[in-house]
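Peer 1: Okay, here's the structure, questions in a sec.
The values are calculated or read from the model by the stated rules, or taken from the named source; none is laboratory data. What you see is a predicted model; the values in this text were computed from it and never measured. Here the Cβ is made from the backbone with ideal geometry for all residues, glycine too, and neighbour counts use every protein chain on show.
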Amino acid sequence: MKPILLKGGTLVDPSQRLNEVGDVLIADGAIAGVGRTIEGAKDADVIDCAGLIVSPGFIDVHCHLREPGREDVETIATGARAAAAGGFTAVCAMPNTDPVTDNQAAVGFIVRQAQRAESARVYPIGAISVGQEGNALAEFGEMVGAGAVAVSDDGKPVASAQLMRSALEYARTFKIPVIDHCEEPTLAAGGSMNEGIVSAQLGLKGIPAEAEEIMVIRDILLARLTGGHVHLAHMSTKGSVELIRWGKERGIRVTAEVCPHHLSLTEESVRGYNTNAKMNPPLRTSKDVEALREGVKDGTIDLIATDHAPHHYDEKEREFADAPNGIVGLETALAVIVTNLVETGHLTFSDLVDRMACTPARVFGLPGGSLKRGAAADITVFDPKARWKVDASRFVSKGRNTPYDGMTLVGRAACTIVAGSVVYRSGIPARGREKANRTRG
């Protein structure tokens, strides 16, 4: 593998308080040098990064790759390549597959499929409960031994407080976070969008903000009780931000994520019964969006995750209440954040890199998250000023279900490097590490 020299980009790495123009040398899968000017790398492949930002690789801790069971809508390979096209060097795959990823063999299958894909890294997340049925704990130790980095019943809330308590206690042994989909099931039952004026006007049953917030405070209190690490998935309400802030002020081990769509869209997007604006938790109000943005800015919300959830076109073409929840997000996440948070002054690019690269690596104990010499050469190079029109038909992902189709956004991945190999280069399809390197000579 030839060395790579990233030349003349703006190096942004908040883990080292780095924000300056310089070079990065990559050799043997690791970062071999970082400096204003690196000489003596004549045998290296040089990538001109002038005008681009060079950062630690983005890590998405929450996505759905659908394999096994729904390979018609996504596979580990297509999802990993879509991640690379979006600037992500690693993703964490949720366990609501068919069969559920709730045992050692299932986790091992995902690891092997990811290795075959030769693109972005894929870290499995194991289920909290056997079959995600909410009754008995899955075997955390065996799953962690096979490669799982966290546990979650995402897609379903852990309704039993006793089971959640046991999960937090058990997970402490393995030093992994327990990720919860915060939704009080009896309050949310039958709902398909945010409860409020818009749901009333559209005649759709709503889901109140309290359905999320009740479970947020329950999980925070259980984390206090157990000393375990609870990670709250896809936060969507102002009240949740306030509760997380309360927990952190008291030293409770709670971390949280928010998705680009909850930072940029409101319940108004549902008008016209747009099923590509249907997700769980639902899009909320402008006050919720503003509170979430402030939460990301001040660190109450630790990181940004996509909740990438591909569905077949026919599934989304149903009546709104019957359509499945979720949208694809790997290839639009960066641009949505740049357009709606950086361009508006809510975040700096250093903040963006922290929330999408450094903090995910730290919170989940993953390789990467730094441009420090000797670190894994997982690097994202992106154009902070690129203006482009979203065309879902050109996605690398099999999924096309996005509310951003046709929108003009700012910011786009230019080059994605994993373990020292280029897995995506703007304008060249991502085909896996080895083939990508051959293509670029």
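Peer 1: Determine the pairs where a residue that is without any contact (Cβ under 8 Å) to a residue 12 or more places away in the chain, located within segment 97-108, has a partner that is buried (at least 23 other Cβ atoms within 10 Å of the Cβ) and assigned to a loop (DSSP other than H, G, I, E, B) with Cβ atoms under 6 Å apart, the partner being 6 or more residues away or on another chain.
Peer 2: none
Peer 1: Somewhere in segment 221-234, is a residue of a type in the set (D, E, K, R) and under 23 Å from the mean Cα position of the chain (by Cα)?
Peer 2: No: zero hits.
Peer 1: I'd like to check something: does segment 158-174 contain any residue that is touching a Ser or Thr at 6+ places or on another chain (Cβ under 9 Å) and closer than 27 Å to Leu330 by Cα?
Peer 2: yes
Peer 1: Then there's this: Being more than 25 Å from Ile207 (Cα to Cα) and either surrounded by fewer than 23 Cβ atoms within 10 Å (Cβ to Cβ) or β-branched (Val, Ile, Thr) (or both) is the filter here; which residues of segment 149-167 pass it?
Peer 2: Filtering segment 149-167 down to residues more than 25 Å from Ile207 (Cα to Cα) leaves 149-151, 165-167.
Across segment 149-167, the qualifying residues are Val149, Val151, Arg165, Ser166.
Peer 1: Select from segment 273-296 the residues that are closer than 22 Å to Ala335 by Cα, of a type in the set (Ser, Thr, Tyr) and in contact (Cβ under 8 Å) with a residue 40 or more places away in the chain and list them in ascending order.
Peer 2: Thr275, Thr285
Peer 1: If Ile214 passes every condition in (1) more than 30 Å from Ile417 (Cβ to Cβ); (2) surrounded by fewer than 24 Cβ atoms within 10 Å (Cβ to Cβ); (3) in contact with a strand residue (DSSP E or B) (Cβ under 6 Å, 6 or more places away or on another chain) but one, which one does it miss?
Peer 2: It is condition (3) that Ile214 fails.
Peer 1: Shifting gears a bit: So if I check each of Ala120, Ala136, which one is modelled with pLDDT of 95 or more and under 18 Å from His64 (Cα atoms)? Quick ask: steps written out before the conclusion?
Peer 2: Values: Ala136 fails: under 18 Å from His64 (Cα atoms).
Residue meeting the stated conditions: Ala120.
Peer 1: Across segment 271-310, which residue is nearest to the chain's Cα centre (by Cα) among those that are among the aliphatic types (A, V, I, L, M) and not in a loop (DSSP other than H, G, I, E, B)?
Peer 2: Going through the qualifying residues, I end up with Ile304.
Peer 1: Further question on the same structure: Return the residues of segment 222-250 that are surrounded by fewer than 20 Cβ atoms within 10 Å (Cβ to Cβ) and within 23 Å of Val149 (Cα to Cα); say none if nothing qualifies.
Peer 2: Of everything in segment 222-250, those that are surrounded by fewer than 20 Cβ atoms within 10 Å (Cβ to Cβ) and within 23 Å of Val149 (Cα to Cα) turn out to be Arg224, Leu225, Gly227, Lys248.
Peer 1: Take segment 366-398 and flag every residue that is of a type outside the set (Lys, Arg), closer than 20 Å to Pro56 by Cβ and part of a loop (DSSP other than H, G, I, E, B).
Peer 2: Selection gives Leu366, Pro367, Gly368, Gly369, Ser370, Leu371, Gly374, Ala375, Ala377, Asp378.
Peer 1: Right, another one. Could you look through segment 334-365, keep only residues that are of a type outside the set (A, V, I, L, M, F, W, C) and within 21 Å of Asp378 (Cα to Cα), and pick out the one that is surrounded by the most Cβ atoms within 10 Å (Cβ to Cβ)?
Peer 2: Restricting to residues being of a type outside the set (A, V, I, L, M, F, W, C) and within 21 Å of Asp378 (Cα to Cα), the top hit is Pro360.
Peer 1: Which is outside any loop (DSSP other than H, G, I, E, B), in the same structural domain as Leu334 (by TED's automatic domain parsing) and touching a residue at least 12 places away in the same chain (Cβ under 8 Å), of Ala83, Ala32? So that I can check it myself, show each step before the final result.
Peer 2: On the way: Ala32 fails: in the same structural domain as Leu334 (by TED's automatic domain parsing).
Within the list Ala83, Ala32, the selection yields Ala83.
Peer 1: Within the bounds of segment 140-154, is there any residue that is more than 25 Å from the chain's Cα centre (by Cα), in the same structural domain as Thr101 (by TED's automatic domain parsing) and of a type outside the set (A, V, I, L, M, F, W, C)?
Peer 2: No, that holds for no residue.
Peer 1: How many of the residues in segment 225-248 are within 22 Å of Asp298 (Cα to Cα) and assigned to a helix (DSSP H, G or I)? Walk me through it before giving the result.
Peer 2: Here is the first cut: in segment 225-248, the residues within 22 Å of Asp298 (Cα to Cα) are 229-248.
Among the residues that remain, those that are also assigned to a helix (DSSP H, G or I) are: 238-248.
Number satisfying all stated conditions: 11.
Peer 1: What's the total number of residues in segment 243-272 that are in contact (Cβ under 8 Å) with a residue 40 or more places away in the chain and either aromatic (Phe, Trp, Tyr) or closer than 27 Å to Leu168 by Cα (or both)?
Peer 2: 8
Peer 1: Sticking with this structure for a sec: Select from segment 21-80 the residues that are over 30 Å from Gly155 (Cα atoms), surrounded by fewer than 20 Cβ atoms within 10 Å (Cβ to Cβ) and in contact with a Pro (Cβ under 9 Å, 6 or more places away or on another chain) and list them in ascending order.
Peer 2: Within segment 21-80, Ala27, Asp28, Ala41, Asp43, Ala44, Asp45, Gly51 meet the criteria.
Peer 1: Might you check whether a residue that is within 20 Å of Lys156 (Cβ to Cβ), at pLDDT 95 or above and aliphatic (A, V, I, L, M) occurs anywhere in segment 200-207?
Peer 2: yes
Peer 1: How many residues, within segment 168-217, are within 23 Å of the chain's Cα centre (by Cα), part of a helix (DSSP H, G or I) and more than 21 Å from Ile128 (Cα to Cα)?
Peer 2: 1
Peer 1: What number goes with the only condition from (1) within 21 Å of the chain's Cα centre (by Cα); (2) over 28 Å from Glu212 (Cβ atoms) that Pro124 does not pass?
Peer 2: (2)
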